[in-house]
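Engineer: Here you go, one structure.
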Amino acid sequence: MTADYQKILDHIAIDVRPSFARGKIADYIPALAAAPRDCFGMAVICVSGDEYVVGEADRRFSVQSISKVFALNMALRAIGAPLWDRLGREPSGNPFNSLVQLEYENGVPRNPFINAGALVVVDRLMDVCADPKVAMLDFVREAAGCDDIGFDQEVAASEAAWGYRNRALANFLKGFGNLRHDVDEVLDIYFHHCALAMSCREISRAFVHLANGGISPRTGAAVTKPEHTKQVNALMLTCGLYDSVGDFACRVGIPGKSGVGGGIAAVIPGILSICVYSPGLDESGNSLAGTRALEIFTTESAISIF
């Protein structure tokens, strides 16, 4: 029997309200500091095409590290297995912007979802894309079926002005020979990717191919190959929630990717994609209310990958 997703979402929107006050807004990026603490949205897109939403599911926000999933999809599609020559596929166990781990491991990032790994992915995209910023927009617009998705230029500028740690990571990578292009050009693309502005509904639509073997339910076209879909989902499960992936796997039980803008996108293979937005973060940089919302969803719907 199919769960009543709308009823579950309506219940979640009420249940998570007490969590809003406990989360911390990502104020180390000034343009994100003004995000309304009590904002909440959630969207479910089924592989059947059915959609369910609650709250401010159509409010656009800065996707931040959720964009790393899109960049990885693009790189795997264009480069394939050689992408892993300069990049690992293991959980980091450290903060997403750790300098210590990168130096200790000779400039080879543990995975594509920590910041250093995402910078390497951007560097590889520069090898195969004439303009990786435009390529990212083309990818997400097609995947989401929405042609006006764009970058929040205020966020991109704020990232550039305050991205000292990312500049250090990029220069570490350059020093180890794992960044081939100009550091400033790589960072500019990376900051713009993080500054994508999308809604929960749009992100869920852009993720649903990952729940459908790489095939877009909307168009029937292959967005990613099955083997790449498997890799992306596996990396979301093991590396997608910074250094709290184990807790997320225990509580929620599905592959997901978070961003410090307050979004978490996830998939239940064969069934649906889901995105939740609440800007208050926990100590690991994941949406506090969003994690709780996904935990309730998988518990009440009785569906997870386990």
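Engineer: Cβ-Cβ distance below 9 Å, separation of 6 or more or different chains: which pairs start in the range 105-124 with a residue that is touching a residue at least 60 places away in the same chain (Cβ under 8 Å) and buried (at least 24 other Cβ atoms within 10 Å of the Cβ) and end on one that is part of a loop (DSSP other than H, G, I, E, B) and of a type in the set (D, E, K, R)?
Structural biologist: Qualifying pairs under 9 Å: 112/89; 123/180.
Engineer: Give me the pairs: first residue in the range 270-292 and at positive phi, second residue among the polar types (S, T, N, Q), beta-carbon distance under 9 Å, and six or more apart or on different chains, which are they?
Structural biologist: Partner pairs satisfying both residue conditions: 270/212; 285/65; 285/244; 285/258.
Engineer: What number of residues within the range 54-97 are assigned to a loop (DSSP other than H, G, I, E, B) and either in contact with a Pro (Cβ under 6 Å, 6 or more places away or on another chain) or of a type outside the set (D, E, K, R) (or both)?
Structural biologist: The total comes to 12.
Engineer: At least 2 residues that are polar (S, T, N, Q) in each: list the helices (runs of 4 or more DSSP H) lying fully within the range 141-236 that qualify.
Structural biologist: Correct list: 153-162, 164-175.
Engineer: Would you confirm whether any residue within the range 237-260 is touching a His at 6+ places or on another chain (Cβ under 9 Å), closer than 15 Å to residue 68 by Cβ, of a type in the set (Val, Ile, Thr) and not in a helix (DSSP H, G or I)?
Structural biologist: no
Engineer: Next question. Anything in the range 235-268 that is among the charged types (D, E, K, R) and crowded, with 22+ Cβ neighbours inside 10 Å? List them, or say none.
Structural biologist: Of everything in the range 235-268, just one residue is among the charged types (D, E, K, R) and crowded, with 22+ Cβ neighbours inside 10 Å, namely 257.
Engineer: Every residue in the range 13-38 that is of a type in the set (A, V, I, L, M) and within 30 Å of residue 151 (Cβ to Cβ), please.
Structural biologist: 13, 16, 25, 26, 29, 31, 32, 33, 34, 35
Engineer: Give me the residue from the range 1-17 that is part of a loop (DSSP other than H, G, I, E, B) and surrounded by fewer than 19 Cβ atoms within 10 Å (Cβ to Cβ) and, out of that set, modelled with the highest pLDDT.
Structural biologist: Checked the range 1-17; the qualifying residue modelled with the highest pLDDT is 4.
Engineer: Related question: Please go through the range 18-48 and give me each residue that is assigned to a helix (DSSP H, G or I) and either closer than 19 Å to residue 201 by Cβ or without any contact (Cβ under 8 Å) to a residue 24 or more places away in the chain (or both), ordered by number.
Structural biologist: 18
The values are calculated or read from the model by the stated rules, or taken from the named source; none is laboratory data. In this text, all values refer to a predicted model and were calculated from it rather than measured experimentally. Reconstructed Cβ throughout: ideal geometry from the backbone, glycine too, with neighbour counts over all protein chains shown.
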